[in-house]
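One structure is given here, and the rest of the page talks about it.
The values are calculated or read from the model by the stated rules, or taken from the named source; none is laboratory data. Keep in mind that this is a model prediction, so the values were computed, not measured. Every residue, glycine as well, gets a Cβ built from its backbone with ideal geometry; the counts of neighbours run over all protein chains shown. The area values use the complete protein model at the heavy-atom level, side chains included, leaving out ligands, DNA and RNA. Shrake-Rupley method; radii C 1.70, N 1.55, O 1.52, S 1.80 Å.
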Amino acid sequence: MRVLPFILSLLVTVGLIVTLDTKFVLPAPLGALLSPQHGIWQNAEDVDADFSANLKFPQLKGKVQVYLDDRLVPHVFAEQENDVYFVQGYLHAKFRLWQMELQTYKAAGRLCEFFGEKAINIDREFRRLGMVYAAENSLKEMEADTVIKAECDAYTAGVNAYIDNLSESQLPLEYKLLGYYPEKWNNLKTALFLKYMSYDLAGHDDDFEMTNTKSFFSDSDFVKLFPLTQDSLDPIIPKGTVYPRPKIIPIAPSTVDSAYFNNKDLVAVDEEKPDKDNGSNNWAVSGRKTKNGAPILCNDPHLGLNLPSVWFEMQISTPEFNAYGATFPGAPGVIIGFNDNCAFGFTNGGRDVRDYYEITFKDDTRKEYLFNGEWKQTEFRIEHIKIKDKRDYLDTVAYTVFGPVMYDKSFTGGRSSGKKQYAVRWKAHDPSDELKIFNLLNRAKNYTDYTNAVTNLHTPGQNVVFACKDGDIAMRTQGEFPAKWKGQGDFIMPGTDSSYMWQGMIPQDEVPFQYIPASDSISRGFVSSANQKPTDSAYHYYLGRDYPLYRGYLINRLLSKMHNITPQDMMSLQNNNYNVFAEMAIPVFLKNINTTGFNEDELKYYKLLNEWNLNDDVAEKGATVFDVLWKQFTKVVFDDEYAKAPKVVMRPFESTLLEEILKDTSYKFYDNITTPKKETLADDITAAFKLASAELVNLEIADQLEWAKYKDTHISHLTKLEPFSDMHLPVGGGTYCINATKADHGPSWRMVLSLTAKTEAYGVYPGGQSGNPGSRFYDNFVNEWVSGKYYPLWLMTKDETKDKRIKWVMNFSK
């Protein structure tokens, strides 16, 4: 009888061994995860964790002190400039290593290495976009610059110094869960990270969708749906600015109209894209509009809301410069911030620098393609994709004069039928010294230094705001932009003819900018940008069609009226939830809704809409009523015409419909083409209101009628694991508000800087300094961010080492 217990014990033991020592349950062996010495328990950081340390590294040339304050913000003081980048790399790795690696793995098309075969399409997409090719080109340029190469080398050495001394128990939690180890950092990874940001900020990639749409609608209807200009535009560079005659006049090919019609090849399903609203706000007001007489600069870049946050706050100080602000884990320098003399910030330029060309290969070998009447030799790049627990995948990518063939018979990306081949021309493929701008901005002393710095920014195009203690402020819509003929790049272009290629870059002295010197007394006294179109139609170059209008419109309206401005006024402005889009639309709605025969619920929601204060505040129900109503209204107006459109297609710009209803004309699309009746604006709005009311009843039953509950802002961990995420946050704002907080996207860093003698600085971001979910510094800034509050940003001086805010000291030496 003892045999049975023995067998049972044996089976249980074997089962435990198999369960704990294999990857049946999780990507990593369960036993290793639960190990008391090395497992996930070791990532539970003590509340009183001591971050002080004395460290020696032979790569250093001098001494470096790091003073960590009560928010875990490092203030780094180095005797030698490149030592500061070494320590910055070390600290980025210490607090954000897994995040740094994940971003570069994705950019390099290497997710299959730890996520397995399910990531193959993502990896192929990034490889075929030429991310590695682009990073390699940039790295050559950066390493040809001895200053930037030394900076990169020091940063890389710092990251690797941390990795070299990383014990198994200290591995970030995500490595343990996913069952892999960090690899050595290198300069290419830094270049890859910068290319990933270029990709993330290039959301305006709608060439396939626009081509489908243009082939479906008539030319006149297309113009009605996607107009070139909007009446409500208040551009970044003020209207009335006079621009010089262009040095480049692009010539459109004679076949352009026919080439853009009747392309019936395209598309199947949607693909993953960067959020098209990856934008931001920035502005600077001159001293004559502020209470203390000093300029104030503000910036809040809008990006995906994730944990760990995209930003890491720190001060880096050397004998050559002293800078503070938001840094990117993965790259050296301060990206958005200030130094002893001036301040700088960015918003996305939104310019189209990524176009597609249809390639004609001679045969299936793809060895030759037709170009200017001749067969031209193809170059090939073999992408070697490693797949966890599987054989490697080899993807042979053809390269043409335009760039890599992204979509072909082998890979459609969900955007083509596979019958044709499309090469991508992306400005980010070109060599560029992208770190140079930050290196120079960190030490800029005046407007001339700022100008010299920003002209090094090629891709992605950004609106770079500037303010200086000498009183100057400026805005430059910076980048290296193709000079395009009207409509070039809106649609897929023929790849057999060089006349469709870019014909040159807009010269840097023709890039739109606004400079307001301290002596100015006649300008509006501020510069601003919120991703709207940079200029009005007086600018000679084609700038594309689709830009967000409304945040910029409201910012300019409010700043124009403001005087005796304080930093607190600017914080309120960044958190402003006023919905100017609704301000324009609601009078038209209320005028046209026919309440005759409305039931009790419909009358209730009509009352909420009528009495709404136009603020997208947390508890506002009228904001939800308007949002649901507008979405239903666009469906009622356009769904009939789009019913037989290709699956992947562009819907009209949101500004299109608003501008039409403001004109109060008989817009063609008000009529429902499936009914014998000719519908009017009033018919459509009333029908939309009834549909919206039915939806609102369900939202009310689910207790989601209040704006914050309906919008449901959340900050997800990069793996989307909810226990590591902050869910259901009570945050106001929205797409059309200056506080552009959406469900998972919004202000990723709020900063307000008053350029007084001792800079008065404030900032906050939705996260925390540590990437460890087991640390009290993981998301400790989130509540302040949610409530619209800020932390004082402390530009520490060397004689403040005894300040009570200092909690830990790290000493680095060789």
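Some notes on this structure:
- The numbered conditions (1) under 30 Å from Cys152 (Cα atoms); (2) open to solvent by 10 Å² or more (accessible area, probe 1.4 Å); (3) at pLDDT below 95 are all true for Arg476 except (3).
- Among the residues of the stretch 784-805, those identified as within 33 Å of the chain's Cα centre (by Cα), more than 18 Å from Leu753 (Cβ to Cβ) and touching a residue at least 12 places away in the same chain (Cβ under 8 Å) are Val786, Arg805.
- Applying a threshold of 8 Å to beta carbon distances and a minimum spacing of six or more residues, or different chains, the list of pairs starting in the stretch 373-385 at a residue that is of a type in the set (A, V, I, L, M) and ending at one that is open to solvent by 80 Å² or more (accessible area, probe 1.4 Å) and part of a strand (DSSP E or B) reads Ile382/Leu394; Ile385/Leu394.
- The lone exception for Thr451 - which of (1) touching a residue at least 40 places away in the same chain (Cβ under 8 Å); (2) more than 30 Å from Thr255 (Cβ to Cβ) it fails: (1)
- The numbered conditions (1) open to solvent by less than 30 Å² (accessible area, probe 1.4 Å); (2) part of a loop (DSSP other than H, G, I, E, B); (3) under 29 Å from Arg381 (Cα atoms) are all true for His458 except (1).
- Subset of the stretch 588-636 (residues that are part of a loop (DSSP other than H, G, I, E, B), within 26 Å of Tyr670 (Cα to Cα), β-branched (Val, Ile, Thr) and open to solvent by 20 Å² or more (accessible area, probe 1.4 Å)): Thr595, Thr596
- Checklist (1) closer than 28 Å to Gly325 by Cα; (2) surrounded by 20 or more Cβ atoms within 10 Å (Cβ to Cβ) applied to Asp123, failing item: (1)
- Within the span defined as the stretch 292-311, every residue fails to be aromatic (Phe, Trp, Tyr), in a strand (DSSP E or B) and in contact (Cβ under 8 Å) with a residue 60 or more places away in the chain.
Here is a yes/no grid of residues against (1) among the charged types (D, E, K, R); (2) more than 30 Å from Tyr422 (Cβ to Cβ); (3) open to solvent by 20 Å² or more (accessible area, probe 1.4 Å):
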position	(1), (2), (3)
Tyr324	no, yes, no
Ala343	no, yes, no
Glu358	yes, no, yes
Arg381	yes, no, yes
Val405	no, no, no
Asp408	yes, no, no
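- Single residue of the stretch 500-542 satisfying the filter (crowded, with 16+ Cβ neighbours inside 10 Å and polar (S, T, N, Q)) that is farthest from the chain's Cα centre (by Cα): Gln503
- Residue pairs meeting the criteria (Cβ under 9 Å; at least 6 apart or on separate chains; first closer than 18 Å to Ala538 by Cβ, in the stretch 217-230; second of a type in the set (Phe, Trp, Tyr) and modelled with pLDDT under 95): Pro227/Phe653; Gln230/Tyr547; Gln230/Phe653
- With respect to (1) in contact with a Cys (Cβ under 8 Å, 6 or more places away or on another chain); (2) open to solvent by 10 Å² or more (accessible area, probe 1.4 Å), the lone exception for Phe115 is condition (1).
- Once the stretch 669-725 is narrowed to residues that are acidic (Asp, Glu) and part of a helix (DSSP H, G or I), the residue that is farthest from Thr735 (Cα to Cα) is Asp683.
- Selection count, the stretch 327-338, where residues are surrounded by fewer than 24 Cβ atoms within 10 Å (Cβ to Cβ) and in a strand (DSSP E or B): 0
- Pairs where the first residue, in the stretch 109-135, is without any contact (Cβ under 8 Å) to a residue 60 or more places away in the chain and the second is open to solvent by 50 Å² or more (accessible area, probe 1.4 Å), C-beta under 6 Å, 6+ apart: Leu111/Ile122
- Exclusive hit being assigned to a loop (DSSP other than H, G, I, E, B), open to solvent by less than 30 Å² (accessible area, probe 1.4 Å), farther than 20 Å from Val334 by Cβ and in contact (Cβ under 8 Å) with a residue 60 or more places away in the chain, set Gly767, Gly746, Gly733: Gly733
- Taken as a whole, the structure places Thr156 among residues that are in contact with a Ser or Thr (Cβ under 8 Å, 6 or more places away or on another chain), of a type in the set (Val, Ile, Thr) and in contact (Cβ under 8 Å) with a residue 24 or more places away in the chain.
- Whether a residue is more than 19 Å from Lys621 (Cα to Cα), more than 20 Å from the chain's Cα centre (by Cα), buried (at least 24 other Cβ atoms within 10 Å of the Cβ) and modelled with pLDDT of 95 or more was assessed, and Ala761 passes this test.
- Residue within the stretch 421-443 that is of a type in the set (Phe, Trp, Tyr) and either more than 21 Å from Ala191 (Cβ to Cβ) or surrounded by fewer than 22 Cβ atoms within 10 Å (Cβ to Cβ) (or both) present: yes
- The one condition in (1) modelled with pLDDT of 95 or more; (2) surrounded by fewer than 18 Cβ atoms within 10 Å (Cβ to Cβ) that Leu696 fails to fulfil: (2)
- Whichever residue in the stretch 720-730 is farther than 21 Å from Arg750 by Cα and in contact (Cβ under 8 Å) with a residue 40 or more places away in the chain and, among such residues, is surrounded by the fewest Cβ atoms within 10 Å (Cβ to Cβ): Pro723
- Test: residue in the stretch 589-596 that is in contact with a Phe, Trp or Tyr (Cβ under 7 Å, 6 or more places away or on another chain) and among the aromatic types (Phe, Trp, Tyr): no
- Looking across the stretch 796-814, the residues that are assigned to a loop (DSSP other than H, G, I, E, B), open to solvent by 30 Å² or more (accessible area, probe 1.4 Å) and modelled with pLDDT of 95 or more come down to Thr797, Thr801, Lys802, Asp803, Lys804, Arg805.
- Screening the stretch 210-229 for residues that are open to solvent by less than 20 Å² (accessible area, probe 1.4 Å) and within 30 Å of Val464 (Cβ to Cβ) and picking the one that is modelled with the lowest pLDDT gives Met210.
- The one condition in (1) at pLDDT 90 or above; (2) outside any loop (DSSP other than H, G, I, E, B) that Leu11 fails to fulfil: (1)
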